[in-house]
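First comes the structure, then the notes that go with it.
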Amino acid sequence: MTSLNIHTPLPALTSTADTRTVWHGAWTAAIMRPSRAPWFETWAEQGFYDQSLRQVVRVNTGGTRLRIRLSNAYGATPLHLTGASIGRTTAGAAVQPGSIRTLRFAGSPSTTIPPRSGAVSDPLTLPTTPREQLTITLYFKDATGPASYHQVSMTTTYRAVGDHHHDPAATAYTDSVEPGFGSWYYLAGVETSGGHPQSGAIVAFGDSITDGFGATVNGDDRYPDALAGRLLAAHRPSPVLNAGLGSNQLLTDSACAGDAGITRFARDVLGQPRVGTVIVLIGINDIQMNEQPVSQADSAGRADPPITARRLIEGHRTLIRAARAAGVRIVGGTLTPYRDAAGWTAGGEKIRGQVNQWIRTSGEYDAVADFDRALDPAATGRIPDGLHMGDHIHPSPAGYKTMAHAIDLTTLGQ
């Protein structure tokens, strides 16, 4: 089990200094160590060799210039990036002709990222608008080894043999992990500058329910996406950054679910540019793993001593203290219902109820987003059919929209 220490040093970033430009987070993904995901196929363990990797993201703020962040946070060897580009997405792996721009690093089209480190590209001119899709292509001539990645992107990633990072057509990109849930590799962030003044970023922090498992593949209808849409409709555009991570736990590291929430909070929330508010929704996996028989538990992901409501509340308090110290507003999300899910037990339900009562009534969070009551207004402990994806724990697109509408926009401090 990890200790209660959220002050993990951030990976070093290599960049061209630009102290005059104000950068805003437009998109992010929480990065984890390469591992064999037990749920679906990924390319993380094998990595890449003489291959182009094409990844699609939807930015939540616009601007006139942009840059990307790459991560080799869990790499054991230097990562050699031969070339990279960015352009406007058309459909699938195709990029709008004429929009492709070469990404450079300290003036060079290639870069080497040391182990446990990261890199930020040089700024380039490419005007963008909120909710626009961009395609980022990375070419690796040399073998990368296992890849630092984000395991559930709910977005198709494409792969081609050889160097095709400037191809607008999708012809060479014949390989993908579809049908499936997709993953992002090495890509940790997109930032924009210029355009209209922006409020502080809103970071959604949590597990697979924040990450969007159960949303439409390539549909961008997770709850943070729906929240970004609400803010745009209310003429209050703000960067909304999704720092969810599938199967993640608040208190315990896991080989298959990333660093514990209390460990990665510093990097994935406080390390974002100009963050103003964080919405926290995490703890249900701690409860489920605690209640499983030992034979079913991830040996690196089971808490010892066992999870209690008191321990989970102390973990939440750790996040609250860290946010307050950084001047970041913090909103507590109540743990969502999961009765009839495979991991449900009466003991786990009792813990969930105690944690939710504390979130609602303690006043320790700056505000509360009552996701539990939004999904289950009758307090049955169940997500109604139609609002879950079929497993009784992960919301459907309609469920995610319901969650986004449970957030009082005035509590976001914008």
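The values are calculated or read from the model by the stated rules, or taken from the named source; none is laboratory data. The model shown is predicted, which means the values in this text are computed figures rather than measured ones. Using ideal geometry, Cβ is built from the backbone for each residue, glycine included, and neighbour counts are taken over all protein chains shown.
Laid out as a table, the results:
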| item | result |
| --- | --- |
| Yes/no for THR112 being surrounded by fewer than 22 Cβ atoms within 10 Å (Cβ to Cβ), of a type in the set (Ser, Thr, Tyr) and on the phi < 0 side of the Ramachandran plot | yes |
| Which numbered condition PRO127 fails, given (1) buried (at least 19 other Cβ atoms within 10 Å of the Cβ); (2) under 26 Å from VAL203 (Cβ atoms) | (1) |
| Candidate set from region 323-343 (those that are in contact (Cβ under 8 Å) with a residue 12 or more places away in the chain and surrounded by fewer than 20 Cβ atoms within 10 Å (Cβ to Cβ)); member that is farthest from ARG382 (Cα to Cα) | ALA326 |
| Selection from region 114-152 of residues that are out of contact with any His (no Cβ under 8 Å at 6 or more places or on another chain) and among the β-branched types (Val, Ile, Thr) | VAL120, THR125, THR128, THR129, THR135, ILE136, VAL152 |
| Residue match in region 50-72 (condition: more than 17 Å from the chain's Cα centre (by Cα), closer than 21 Å to SER176 by Cα and of a type in the set (Ser, Thr, Tyr)) | yes |
| Residue match in region 123-142 (condition: acidic (Asp, Glu), in contact (Cβ under 8 Å) with a residue 60 or more places away in the chain and not assigned by TED's automatic domain parsing to the domain that holds PRO395) | yes |
| Qualifying residue in region 306-322 (condition: surrounded by fewer than 17 Cβ atoms within 10 Å (Cβ to Cβ), more than 22 Å from the chain's Cα centre (by Cα), assigned to a helix (DSSP H, G or I) and touching a residue at least 60 places away in the same chain (Cβ under 8 Å)) | yes |
| Selection from region 386-409 of residues that are touching a His at 6+ places or on another chain (Cβ under 9 Å) and assigned to a loop (DSSP other than H, G, I, E, B) | HIS394, SER396 |
| Residue list for region 369-414, restricted to those being β-branched (Val, Ile, Thr) and either under 22 Å from SER238 (Cα atoms) or surrounded by fewer than 17 Cβ atoms within 10 Å (Cβ to Cβ) (or both) | THR380, THR402, ILE407, THR410, THR411 |
| Unmet criterion (only one of (1) in contact with a strand residue (DSSP E or B) (Cβ under 7 Å, 6 or more places away or on another chain); (2) at pLDDT 95 or above; (3) not hydrophobic (A, V, I, L, M, F, W, C)) for THR14 | (2) |
| Candidate set from region 186-222 (those that are among the aromatic types (Phe, Trp, Tyr) and more than 19 Å from LEU66 (Cα to Cα)); member that is farthest from the chain's Cα centre (by Cα) | PHE213 |
| Pair list, Cβ under 7 Å, 6 or more apart: region 81-104 residue in the same structural domain as LEU126 (by TED's automatic domain parsing) and under 17 Å from PHE140 (Cβ atoms), other residue in a strand (DSSP E or B) and of a type in the set (Gly, Ala, Ser) | THR102/SER85; LEU103/ALA84; LEU103/SER85 |
| Any hit, region 164-173, residues being within 22 Å of VAL280 (Cβ to Cβ) and either buried (at least 20 other Cβ atoms within 10 Å of the Cβ) or among the β-branched types (Val, Ile, Thr) (or both) | no |
| Answer from ALA119, ALA169 - the residue that is farther than 24 Å from SER35 by Cα and either of a type outside the set (Phe, Trp, Tyr) or modelled with pLDDT under 95 (or both) | ALA169 |
